[in-house]
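What follows draws every value from the coordinates through simple rules; no lab data is involved. Given the structure is predicted, the values throughout are model-derived calculations rather than measurements. Cβ placement follows ideal geometry from the backbone for every residue including glycine, while neighbour counts extend to all protein chains displayed.
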Amino acid sequence: MTIVLDATAIIAIVTRETKIDAHLALATRLVAPDLAVAEVLNVRHKYRRADLVAPDLDAILALFDRITLLESRSYAIDADRMSIELDHSVYDCLYAAVAERENARLITADQRLARKLTKRKIDVVTFAV
């Protein structure tokens with residue numbers, strides 16, 4: 001099974017803030033749009049600015065070594081259309097567009113996005129942070 005990890009899932013895996021291991025065990029392939037690198041590093045930056053313990057950079061990079069990064073441009077039209085249809089950010093819709101086109105499961109902490117995606121019949125697993 002192909003699994004799309006969004007930035008919330010990547011941070012949760014690295015910080016072990018959630019129990020999504022059972023879903024990861026089903027993965028034959030982990031994917032994310034290349035936007036994920038910037039988003040995850042930006043979250044790390046926000047932790048540091050807030051004087052919180054930031055997710056470990058080596059752990060982040062090690063996880064990215066296991067993730068196939070897909071070129072965002074290839075999913076741009078789908079993400080843009082989905083963003084309009086769902087009235088949701090293009091950033092989040094990019095992950096959903098990858099999941100839809102790759103016939104993959106999306107793992108996210110974004111409950112609001114997951115509710116909106118029921119219209120699209122995308123396989124979404126959510127978790128609490």
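Restricting the calculation to Cα atoms, every distinct pair contributes to the Kirkwood radius of region 84-128, found to be 10.3 Å. Considering only L26, L86, L41, the Gaussian network model of the chain with Cα springs below 10 Å gives its largest mean-square fluctuation to L26.
Expressed as an acute angle from 0 to 90° and rounded to the nearest 10, what is the orientation of the C-alpha long axis of helix 35-49 relative to the principal long axis of the chain? For helix 35-49, the angle is close to 40 degrees.
The convex hull defined by the C-alpha atoms of region 1-65 has an orientation-averaged projected area of 4.2 nm². Between amide H atoms placed 1.01 Å from N, distances below 5 Å from V124 occur with L106, all of them 5 or more places distant or on a separate chain. Taken one residue at a time, the phi angles of region 72-79 give Karplus couplings (6.51, -1.76, 1.60, θ = phi - 60°) of 4, 3, 5, 10, 4, 5, 4, 5 Hz. Gly and Pro are set to x. Using the Cβ-Cβ distance between A128 and A22 with R0 = 22 Å, the FRET efficiency computed as 1/(1 + (r/R0)^6) comes to roughly 0.90.
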